[in-house]
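Some notes on the structure that comes next.
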Amino acid sequence: DSDGTYDFSVAQVDVFIPAGDNDFSTNLVNQVMVKLADVSCTEQFWTNWATVVVTDIATDEWVTLTFDFTDMIDDSNASSGIRDDFDTVILEFGGSGHADAGVVYYKNFRFVEQ
């Protein structure tokens, strides 16, 4: 906006998850997670993330997922009223903490006005 602060409140991404290429009966999870982070936070960096997860995503078709960070980025101490320290976007597909392979196609990641 006019003061140089970008509004990361709502993100969207289009995904296609082929059902035949993914085994969700084990560790692989039918979900997409988006995290906003400050790359300069090196100690306990995970405590500073803003994270939104979308689960149970339709398979075998392109779908648009929406991630609403509105309640996580408010900062009354910032001049714009929202956090201005985010400089990294992380997309995580299929969960974490496992080595199970999965196939997900994505395109058109964007921040949108609501």
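Laboratory data are not the source of any read-out in this text; all were calculated from the coordinates shown. No experiment lies behind these values; they were computed from the predicted model shown. Quick reminder, even Gly has a Cβ in these numbers, built from the backbone with ideal geometry, and neighbours come from all protein chains shown.
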Contact order normalised by length for the chain, with contacts defined as Cα pairs under 8 Å and 6 or more residues apart; what percent is it? 46
Hey, got the dipole for the chain? About the Cα centre, +1 on K and R Cβ, -1 on D and E Cβ, debye to the nearest 20? 260
For P(r) over Cα pairs in 5 Å bins from 0, in percent the list reads [x] 2, 11, 23, 25, 19, 12, 6, 2, 0; [y] 2, 11, 20, 21, 17, 13, 9, 5, 2, 0; [z] 2, 8, 5, 6, 5, 6, 5, 5, 5, 4, 5, 4, 4, 4, 4, 3, 3, 3, 3, 2, 2, 2, 2, 2, 2, 1, 1, 1, 1, 1, 0, 0, 0; the calculated value is entry [y]
Which whole-Hz couplings ³J(HN,Hα) result when phi for each residue of the stretch 41-46 is put into the Karplus expression 6.51 cos²θ - 1.76 cosθ + 1.60, θ = phi - 60°, listed in order with x for Gly and Pro? 7, 9, 8, 6, 4, 5
